Structures are given as structure tokens and as C-alpha cells.
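**Q** This is the structure I want to talk about, given as C-alpha cells.
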Amino acid sequence: MSTFLTARSVRTTPEGILWEPSERWVRGRTGDITVVDSRHPVLVWEPGRPVPLYAFPREEIRADLLRPAKNPPIGTHSGSQIFYDLEIGDELLENAAWTFPADELADLVAFEWFQRSGRGLAHWYEEEEEIFIHPRDPHKRVDALPSSRHVTVEINGTVVADTHRPVLLFETGLPVRYYVPREDVRLDLLVHTNHTSGCPYKGTAEYWSRQGEADAPPNLAWSYLHPLPAVAAIERRIAFYNEAVDITVDGEVLERPVTPFSATLLARPTT
């Protein structure tokens, strides 16, 4: 009889890599070719990286498509030494896969996700739902809760949003995001940009910058036109980076947090 593996079964290798088995059915595709079809994937958290990735038993991948890498980036991915190019027809995807330098994970192969790294497999699925950027972390929650709090958003002293009907999005490891109905946002003060981003928990976002405001970071507001079902309450609402604007909630001015997004927001392009 097998032992049921719970969240408490997360393990750590001597190299500091965290891992645990998953019971999700995971598939990875590029073009018309299914490269990964696994019912025994393993979630892996590399040291210093906040999001997980998947690794798979060799018998559940198209190992016949793997070739020893011509230019392996030795030492990346927690010190990995073995990398593979992926050959599909006439196309060679360099360094699309690798193995980890840990005995417990030696028989598993991990793959790059194109949407995250610009190379690797283009489409990934958990069960019948396509997922984006990286696997969902089973130890992370994302809750979208309608609220009646009074929320205002200012950019350099100018109020750009004022609402008593926000949706508060609570995401493990990030500050609360306040999603404001579009009718309560001064869209005349913002300009829509061509920037987009993907999130495995929420979907694909579109962005706005502050109109004519050189001191404000670009792409400081975003919205999900078609969010994933779990966060449907944020549909078409607009949120602002707490890291770059001044948000007041029920009369209390929130301190600007420092997050992984801060450096990108505060960076200025060089000319």
C-alpha cells in the first residue's frame, strides 16, 4: 500500500532544492507535438526562485527528441551539468531541457517554458486547462473578495481612482491589490500601452501608464479583460502597483511595499 503524500512531504536536497510529487496530469506541447504527457510530475523550487517548475520521469516524456546540448549553460538551474536541445522536425530548440544535480531528482527531466524564458515548450496544460508562465504553486492562495472599503489612488498627488466598491485580491507573498471599477478610474489621466503580461493564477493583463507624467513609472496600472474563473470578480477592473502609487484605504495611507516588482518599476530606460 502506497503512502499518501501531503504538503508536509516537501523535501529538500543537500543542494537546497525543494521538491514534492504532484498528482496533476501535466502535458507540454510545441506545435502539434506533445513532448510531455505525465501523470507523475514533480514540483521543484530552485534556491532563490519564488515560483516552482515541473520535472518529469523520463518514461513520460519524448526522450527520443532530446539531444545532448551543443552549448549547455553549465551551472545554471542550481548548478545543473546536463542539458538537452530539443529536436522537432527541422527545428532545434537549444537548452530546452535539463536534469538537476541532486540524486533524488537525477531520473527527472525539466523543461523551459517559452512564455517565461523565450525558449522551450510553448503550451502547457494541467488536466484540461492551459496554464501560463510557470506551474501554480499548491502552497499559494489567490482570493478575490468584493469589499466596501473606501480606496483612493494618487499618482504624484493627483487622484486617479476613488471607489467604495473595490475588489481586494489577496495573493500569498504579495501586497493586497485593489481592483477598482473602470467607472471609478480617471481613464482620461491614463494612456493604454502595448504591454501585456501573463499570470498562471489570473490570466493575461493589459496595461496603462500615467498620461504625460515623466516621473511616473510606465505600465503602473493593469486589468484582466478575461480573468481565470477563480478570480472572476476582478474582470475589467483596474489595479495599480502599490509600489509606485499612493493608495489610501479607509483614510489610512498605505506604505509603499518593496517587492520583486519594485526594481523594474523604478528603473529608468537609458538613452
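**Q** Would you mind finding the one in Ala233, Ala239, Ala263, Ala244 that is assigned to a helix (DSSP H, G or I) and either surrounded by 16 or more Cβ atoms within 10 Å (Cβ to Cβ) or at pLDDT 95 or above (or both)?
**A** Ala233
**Q** Kindly indicate whether Leu108 is modelled with pLDDT of 95 or more, closer than 30 Å to Ile82 by Cα and open to solvent by less than 60 Å² (accessible area, probe 1.4 Å).
**A** Against the criterion (modelled with pLDDT of 95 or more, closer than 30 Å to Ile82 by Cα and open to solvent by less than 60 Å² (accessible area, probe 1.4 Å)), Leu108 qualifies.
**Q** Let me ask you something else. Which of the residues spanning region 220-230 are buried (at least 18 other Cβ atoms within 10 Å of the Cβ) and in a loop (DSSP other than H, G, I, E, B)?
**A** Selection gives Leu220, Pro227, Leu228.
**Q** When both residues are 6+ apart or on different chains and their Cβ atoms are under 8 Å apart, which pairs have a first residue that lies in region 98-111 and is assigned to a helix (DSSP H, G or I), and a second that is open to solvent by 10 Å² or more (accessible area, probe 1.4 Å) and charged (D, E, K, R)?
**A** As it stands, the answer is Glu104/Arg11, since those pairs meet every condition given.
**Q** Okay, next question. Would you tally the residues in region 187-201 being surrounded by 15 or more Cβ atoms within 10 Å (Cβ to Cβ) and not in a strand (DSSP E or B)?
**A** 4
**Q** Within 24 Å of the chain's Cα centre (by Cα) and closer than 29 Å to Ile234 by Cα: is that true of Glu126 in this structure?
**A** In short, yes.
**Q** Can you work out which of the residues in region 42-75 that are within 24 Å of Pro200 (Cα to Cα) and not in a strand (DSSP E or B) is most open to solvent (accessible area, probe 1.4 Å)?
**A** Arg49
**Q** Pairs please, first residue from region 248-262 and more than 15 Å from Val153 (Cα to Cα) and in contact (Cβ under 8 Å) with a residue 12 or more places away in the chain, second anywhere and assigned to a strand (DSSP E or B) and not hydroxyl-bearing (Ser, Thr, Tyr), Cβ atoms under 8 Å, 6+ apart in sequence or on different chains.
**A** The qualifying pairs do not exist here.
**Q** For region 202-219, name all the residues that are part of a loop (DSSP other than H, G, I, E, B) and either under 19 Å from Val142 (Cβ atoms) or out of contact with any strand residue (DSSP E or B) (no Cβ under 6 Å at 6 or more places or on another chain) (or both).
**A** Those that are part of a loop (DSSP other than H, G, I, E, B) and either under 19 Å from Val142 (Cβ atoms) or out of contact with any strand residue (DSSP E or B) (no Cβ under 6 Å at 6 or more places or on another chain) (or both): Lys202, Gly212, Glu213, Ala214, Asp215, Pro217.
The values are calculated or read from the model by the stated rules, or taken from the named source; none is laboratory data. Small disclaimer: the values here were computed from a predicted structure and weren't measured. A quick note on method: Cβ atoms are made from the backbone with ideal geometry, for glycine too, and the neighbour counts reach across all protein chains shown. Quick note on the areas: whole protein, heavy atoms, side chains included, nothing else; ligands and nucleic acids left out. Shrake-Rupley method; radii C 1.70, N 1.55, O 1.52, S 1.80 Å.
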